[in-house]
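Notes for the one structure printed next.
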Amino acid sequence: MTDISKEQVLKSLEPVTLPDGKPLASSGLVSDIFIAEGKVYFSLSVPAENVEAFEPIRLAAQKAVEALPGARQALVTLTADKPADQAGGRPDKRAAAAPKGEPPKGPSGGSRTAAKPEIPGIGSIIAVASGKGGVGKSTTSVNLALGLAAEGLRVGLLDADIYGPSIPRLMGLSGRPMQGPGRTIMPMEKYGLKVMSIGFLVDEGTAVIWRGPMVQSALMQMLREVSWGKLDVLVVDMPPGTGDAQLTMAQQVPLAGSVVVSTPQDLALIDARKAIAMFNKVSVPVLGIVENMSAFICPSCGETHHIFGHGGAKAEAEKIGVPFLGEVPLAMDIRTTSDAGTPVVAGEPDGPHAAAYRAIAKATRAGIEAGTGKSGPSIVFD
């Protein structure tokens, strides 16, 4: 396969012009360009009010790049820049005039909330998050999704960790997704779940070096340009931390709630509090906390060892007033089945570890249906 350079991509964009006649290639609207195995990824950063006008330009850019020798596919997305009054630069006058303790009013006098377009066919979207890596968040996401499927729900699983996707390995999936109707992407399927990850589009050993806008564009494309079909729940495995990806999901996606994963020790709980605080600030309900690696049961002697302490996540849930969804032990079976791509809920459905995840899934489902998640306070400009 012929290698493609960033310079060649920009060169191919020279014939594409903006509405004012200027060439797209030198307009400054083209983001960092990422190329992997003949697939070219980049976004066009345009004013929010001009998104529709730029759709033909996006299509022309995509067609121009795909005409390059060796180009298998071009994925070009539009990233809309928010006006100052939406991005925090200048508060809305109606919001400024709202009395303290009341939500801002819309033009008709009703309560005004941020518009988060629904994703057709998906009932509820929940985010599985943690303040730091290494706490077993992705393993929890996979087994939570399988537990929800065991409840009889139609479930999808989205790997939102662009820099370190691990869902393909945990699910034992490989290969490239097929293209669906209307240039959509068909999700992979296994164990009854529909699955999408950037890991299907990029080699496992390839480092994804993208800035914030590219990450945001990739996330929105995997959410809105994938043929998910009819789903009751979409579980989103969030990247660790509270950066661009997390804020994009929280602010632009109609999340039904979040599940926060932590280990029992104080160091992990400090970061878990940050994740909870982020969701509270953007008014996403926290459905509950999961304590992972709660205890180690020696396979030889049967003794229980609290390597990371015990009960810290439960105490934190009680302290801040959110549900405690359950605890999962540090067990060899969970590790070996995860490495093998056969998650414990699918591989050993009748075992005690699968039962723990199913109980967490049942509690999570109850939280979604009853709306028991605790959301943060409304933000009002005085």
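What residues have an amide H closer than 5 Å to that of residue 231, excluding those fewer than 5 places away on the same chain, when H is modeled at 1.01 Å from N in the peptide plane?
122, 123
Would you mind computing, in nm to one decimal, how far apart the modelled labels at residue 335 and residue 230 are, each placed 7 Å from Cα along Cα→Cβ?
With each label placed 7 Å out from Cα toward Cβ, I get 4.3 nm.
Using a Förster radius of 35 Å, what is the FRET efficiency between residue 3 and residue 283 based on their Cβ-Cβ separation? Nearest 0.05, please. Let's see the in-between values first.
Numbers: r = 46 Å, r/R0 = 1.33.
Efficiency computed from Cβ-Cβ geometry: 0.15.
Pop out the ³J(HN,Hα) list for the stretch 354-369 in order, Karplus 6.51 cos²θ - 1.76 cosθ + 1.60 with θ = phi - 60°, rounded to Hz; leave Gly and Pro as x.
4, 5, 5, 5, 5, 5, 5, 4, 5, 5, 5, 4, 4, x, 5, 5
Ignoring ligands, DNA and RNA, how do 118, 316 rank by accessible area with a 1.4 Å probe, largest first?
Values: 118 125, 316 15 Å².
Per-residue accessible area, sorted high to low, gives 118, 316.
With every protein chain left in place and a probe of 1.4 Å, what is the accessible surface of residue 324, to the nearest 10 Å²?
60 Å²
Work out how much length residue 14 to residue 348 would gain on full extension: take 0.36 nm times their residue separation and subtract the Cα-Cα distance, in nm to one decimal.
Working it through step by step, the gained length comes to 114.6 nm.
Can you give the accessible area of residue 169, probe radius 1.4 Å, in Å² rounded to 10?
130 Å²
Quick one: Karplus J couplings for the stretch 274-288, per residue in order, coefficients 6.51, -1.76, 1.60, θ = phi - 60°, nearest Hz, x for Gly and Pro?
Per residue, the Karplus-derived 3J(HN,Hα) values read 5, 5, 5, 4, 4, 5, 4, 5, 9, 6, 9, x, 8, 6, x Hz.
Quick one: net charge around residue 229, please, counting Lys, Arg +1 and Asp, Glu -1 for every other residue with C-beta under 9 Å from its C-beta. Intermediate results must be reported in sequence, preceding the final value.
Details: positive: 154, 194, 230; negative: none.
Around residue 229, the surrounding residues sum to +3.
Got a number for the accessible area of residue 174? Probe 1.4 Å, square angstrom, nearest 10.
That residue has around 100 Å² of solvent-accessible surface.
Given H placed on each backbone N at 1.01 Å, which residues far from residue 157 in sequence or on other chains put an amide H within less than 5 Å of it?
194, 195, 196, 235
The values are calculated or read from the model by the stated rules, or taken from the named source; none is laboratory data. From a predicted model like this one, the values you see are computed outputs, not experimental measurements. When we count neighbours, we look across all protein chains shown, and the Cβ atoms used for this are built from the backbone with ideal geometry, even at glycine. Ligands, DNA and RNA are excluded from the accessible area calculation, which covers all protein heavy atoms including side chains. Shrake-Rupley method; radii C 1.70, N 1.55, O 1.52, S 1.80 Å.
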